[in-house]
Amino acid sequence: MKTLTKAEEQIMLSIWKLEKGFLREIVEAQPEPKPHQNTVATILKILVDKGYVGVNQVGRMHEYYALISKAEYSSHTMRHLVEGYFEGSFADAVSFMVKQKEISVKELELLLQQMKNAKK
């Protein structure tokens, strides 16, 4: 899976939210300040080339949809982050977050409960 730029990720977030959409709808779904329509069209072409987005021809317009789910991309990104910064150890990543006070004891307890439930 190829890595996305921040601009590409932003477009993908809109497509995942919309599920499918035309260029104008994708531009409207962007946060302020909204990028120019030509910029979004260029990014969409790149996303199609990278295999993240598919296109349906609807009359003279293109309807875009995600080929990769948000969950798939999130999983890939998290693995890549943990491998790159924490030598592949998710425990080290969580430990880092605890030390940085980015995650609370309550959140850790919820994670532990989710892990226990997933094993059942």
| Where in region 16-38 is the amide nitrogen less than 18 Å from a point lying 7 Å along the Cα-to-Cβ axis of Asp49? | 38
| query | What does the accessible area per residue of the chain come to in Å², with a 1.4 Å probe and no ligands, DNA or RNA counted? | reply | 74
| said: Please list, in order along region 72-89, the HN-Hα scalar couplings obtained from phi with the Karplus expression 6.51 cos²θ - 1.76 cosθ + 1.60 (θ = phi - 60°), rounded to whole Hz, x for Gly and Pro. | reply: 4, 5, 4, 4, 4, 5, 5, 4, 4, 4, 5, 5, x, 10, 10, 6, x, 9
| task | Give the distance, in whole Å, between the Cα centre of region 31-48 and the Cα centre of region 90-119. | result | 36
| remark: Long-range alpha-carbon pairs in the chain, meaning those over 17 Å apart, account in percent for 65
| note | With +1 on the Cβ of every Lys and Arg and -1 on the Cβ of every Asp and Glu, the dipole magnitude of the chain about its Cα centre, in debye rounded to the nearest 20, is 200
| Considering only protein heavy atoms and a 1.4 Å probe, what is the carbon-and-sulfur percentage of the accessible area of region 1-93? | 56
| message | Could you tell me which residue out of Ile43, Leu110, Ile15 lies farthest along the dipole of the chain toward its positive end? Charges go on the beta carbon: Lys and Arg +1, Asp and Glu -1, centred on the Cα centre. | response | Leu110
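With a cut-off of at most 11 other beta carbons within 10 Å, and DSSP calling the residue loop, which trypsin sites (Lys or Arg not before Pro) in region 56-109 qualify? Please list them.
Those that pass, being in a loop and sparsely packed, are Arg60, Lys101.
The values are calculated or read from the model by the stated rules, or taken from the named source; none is laboratory data. Remember, it's a predicted structure, so these values are computed and weren't measured experimentally. Cβ sites come from the backbone with ideal geometry, for glycine too, and all protein chains shown count toward neighbours. Accessible surface areas use protein heavy atoms only, side chains included; no ligands, DNA or RNA. Shrake-Rupley method; radii C 1.70, N 1.55, O 1.52, S 1.80 Å.
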